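As structure tokens, the structure follows; a few thoughts come after it.
The values are calculated or read from the model by the stated rules, or taken from the named source; none is laboratory data. Just so we're clear, the structure is a prediction, and the values are computed from it rather than from any experiment. Because the Cβ atoms are built from the backbone with ideal geometry, glycine has one as well, and the counts that use them run over all protein chains shown.
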Amino acid sequence: MNNAEFEKITAQSIKELPEFFKSKMENVIIIVSDVPSKTMERKMGRGLLGLYEGVPLLERGYSYSGFMPDKITLFKKNIENTCSNKEEIKKKILHVVMHEIAHHFGITDEELREQGIY
């Protein structure tokens with residue numbers, strides 16, 4: 001799949017997010033990268049599908065302003081490698097974005113697992 005098509009599917013998936021998620025995404029951008037850097041892979045493991053980088057909402061104080069946007073990166077090739085068709089890619093993108101938004105809310109991977117979400 002070419003980059004433009006992947007980005008179009010990403011945009012469609014984001015539009016399908018529950019309103020609760022969309023309304024809480026303050027100062028967040030979503031970008032697409034082919035693969036994680038070697039440094040990211042060493043730190044986070046191979047097969048990384050997405051990454052949240054920023055200050056979670058729960059950690060923002062009253063003085064939080066003027067910061068660069070938080071960033072959610074989707075790793076195109078890794079997502080494609082886990083899917084066999086466009087519909088699966090769309091579902092996977094939605095799943096990954098929701099997972100990374102959970103981090104934006106300050107929810108850890110461990111907490112997601114404890115709640116049976118992942």
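Can you name every residue in region 78-94 that is out of contact with any Gly (no Cβ under 9 Å at 6 or more places or on another chain) and either free of Cβ contacts under 8 Å to residues at least 40 places away in the same chain or over 14 Å from Leu48 (Cβ atoms) (or both)? Those that are out of contact with any Gly (no Cβ under 9 Å at 6 or more places or on another chain) and either free of Cβ contacts under 8 Å to residues at least 40 places away in the same chain or over 14 Å from Leu48 (Cβ atoms) (or both): Cys83, Ser84, Asn85, Lys86, Glu87, Glu88, Ile89, Lys90, Lys91, Leu94.
Taking the residues in region 60-118 that are assigned to a strand (DSSP E or B) and among the β-branched types (Val, Ile, Thr) as candidates, determine which candidate is surrounded by the most Cβ atoms within 10 Å (Cβ to Cβ). Among them, the one singled out is Ile72. Selection within region 87-116: residues that are of a type in the set (D, E, K, R) and touching a helix residue (DSSP H, G or I) at 6+ places or on another chain (Cβ under 6 Å). The member of this set that is nearest to Glu16 (Cα to Cα) is Lys90. Considering only residues that are assigned to a loop (DSSP other than H, G, I, E, B) and at pLDDT below 90, look in region 1-39 and name the one that is surrounded by the fewest Cβ atoms within 10 Å (Cβ to Cβ). My answer is Pro18. In region 40-52, the count of residues that are acidic (Asp, Glu), surrounded by 15 or more Cβ atoms within 10 Å (Cβ to Cβ) and either within 15 Å of Glu100 (Cα to Cα) or out of contact with any strand residue (DSSP E or B) (no Cβ under 6 Å at 6 or more places or on another chain) (or both) is one or more.
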